[in-house]
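The values are calculated or read from the model by the stated rules, or taken from the named source; none is laboratory data. In this text the structure is predicted, and so the values were computed from the model without any measurement. Don't worry about glycine lacking a Cβ; one is built from the backbone with ideal geometry, like all the others, and counts go over all protein chains shown. Just the protein is used for accessible areas: all its heavy atoms, side chains included, with ligands, DNA and RNA removed. Shrake-Rupley method; radii C 1.70, N 1.55, O 1.52, S 1.80 Å.
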Amino acid sequence: MIIVRAIPLLVLSLLLTSCGPGRPHLRTLELNREGNKSLKAQNFGPAMDKYIEGLRYDPFAGALHLNLGLSLEGLQQAEKAIQSYKEAEALAVKAQDLPLVFMARFNQAQLLGKAKKIDEAIALYQKALEIIPSSVEAKTNIELLTQSQQGQGGKDNQQQQNQQGNQNQQQQQQDQSDKKDEKDKKEEPKQVQQSPKYKPRPFQGKELSEGDVKKILGELKQQEEKIRAEYNRKEVKEQPRDKDW
């Protein structure tokens, strides 16, 4: 954003027409002229030195404070420049020097706008318009700052919307994940209950009586005798005969 500067740097030499009582007026004018020459050549350091020396002769000269602010601004010392402009404004209000009041407020507003202190800058531009309501430069800068402020507000809102959208998306993903886990749990097969280990039951047989035992033993004995007789018969049959000679 480009802030319009309404006040040329070298219109201030004519403002030093009044000095404090008993002050060396001619020396102050001379130092101001020398400072303006350096300021025009953008030799901001030498210009600052001349204005500071001039303020030793007349510390209540509002125009010198304003010119000193211009040299400090050229040296990229914005905070010190704003202080000089404030001092120039206070002295100009006291002296009822309305053009100087306008310039001091305008230059303060310009630096505040560059520092992104938009509300403060707009307020000072509006105060400057109280002095010169027809200032196109002040009105233009107010419009530019207002647009910048609205654009920044829109950007912040967009960032908030994006952040909210990301949070909603993350929440949806989390909900879907929770639902999937719950579904998986429901679909897990039930564990088959294992039957207790089989244990063989003991044989439940009838108890044998004494007669049963004798009968079984008798049968076993008969079978044994039968087997023996059969074996002896085979053995006799297979023995070789003696020779007859």
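For this structure, a couple of remarks:
- Full extension of the segment from GLN150 to LYS94, taken as 0.36 nm per residue of separation minus the current Cα-Cα distance, would add 16.5 nm.
- For region 55-120, the orientation-averaged shadow of the C-alpha convex hull comes to 4.2 nm² (one quarter of the hull surface).
- Largest first and in whole Å, the equivalent-ellipsoid semi-axes of region 41-152 read 25, 17, 10, each the square root of five times a Cα gyration tensor eigenvalue.
- Alpha-carbon geometry of region 110-153: the Rg and the Dmax are 10.0, 31 Å, given in that order.
- Charge dipole (debye, nearest 20) of region 45-158; +1 at Cβ of Lys and Arg, -1 at Cβ of Asp and Glu: 140 debye
- Of GLU210, GLU120, the order by accessible heavy-atom surface (1.4 Å probe, DNA, RNA and ligands excluded), from most exposed downward, is GLU210, GLU120.
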